[in-house]
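Worksheet: the structure to be examined is printed underneath.
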Amino acid sequence: MLHGPGEPSDWMTRWAHLAAPGARVLDLACGGGRHLRWWAGRGHAVTGVDRDADALAGLAGLGELILADIENEAWPLAGRQFGVVVVTNYLWRPLLPAIVASVAPGGLLLYETFADGHAAYGRPSRPDFLLQRGELLRTASGLQVLGYEDGLLTQPPRRVQRIAALRPVSSHIDTARTMLPGQAPAGG
C-alpha cells in the first residue's frame, strides 16, 4: 500500500497551490506522515490523526498529533475546521460527513483512496474499503468540486477515486436581517 514517509501523492501536490497561505492542514489517518511532513515543509501548521502510536511517535515535534481510533471512538475533532483536509488511502464511510464538515469556509478537501475494481491489483480488496462509482462526488455535495478522477493509475497499478473540492465562503448578506432598529423592511 502507498503509506509511509515517501513522496506526497501527485494529487496533493497538484492542488496544494489553492491552500491559503498558513492554512491549518488536517491529515486524517496520517500513518507515517508523508503528507503531514510535506505540508509542514510548506509552512503550514499541521494536525495528524492516527490510531498507530508508533507512527505518531515518529512525527513528534511536527505539529499537533492526535492518537485516536476514529473507527471505534468518538470523533476527536468535533467542532473544529481546517483550511485543508487531506485523506489518502483510507475509507471509513461512517466518518465521511464528519470529514466534509471539517473543511472550513474557503478550505480545501483533498481525498484520494482505492475504488471498486482495485481488488484486481491487490489490497484492499473488500468492498467495505473500496469507493463505489461516484461516491466521492456524492460525499462532497455542498462543496465546489474543482477536480475529480475515477480510474486506473499505473505507478504502482491501482484503481482510485480522488477529489479536490472547495467549501465556498458565503458572502451573501441578508439585508432584511441587518436593518437598523426601528427601520422598516424595504418595500414594506
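Worth a mention:
- Hydrodynamic radius by Kirkwood, which averages 1/r over all alpha carbon pairs of the stretch 24-119, in angstrom: 13.6 Å
- Residue order, fewest to most beta carbons within 10 Å, for 90, 111: 90, 111
- 3J(HN,Hα) from dihedral phi, the stretch 79-89, Karplus parametrisation 6.51/-1.76/1.60, rounded to Hz, x for glycine, proline: x, 9, 10, 10, x, 9, 10, 10, 9, 9, 6
- Cα centroid separation, the stretch 134-167 to the stretch 38-107 (Å): 19 Å
Computed from the coordinates by the stated procedures, all read-outs in this text should not be read as laboratory data. What you see is a predicted model, and the numbers here were worked out from it, not measured in a lab. Heads up, the Cβs are rebuilt from the backbone with ideal geometry, glycines too, and the neighbour counts pull from every protein chain shown.
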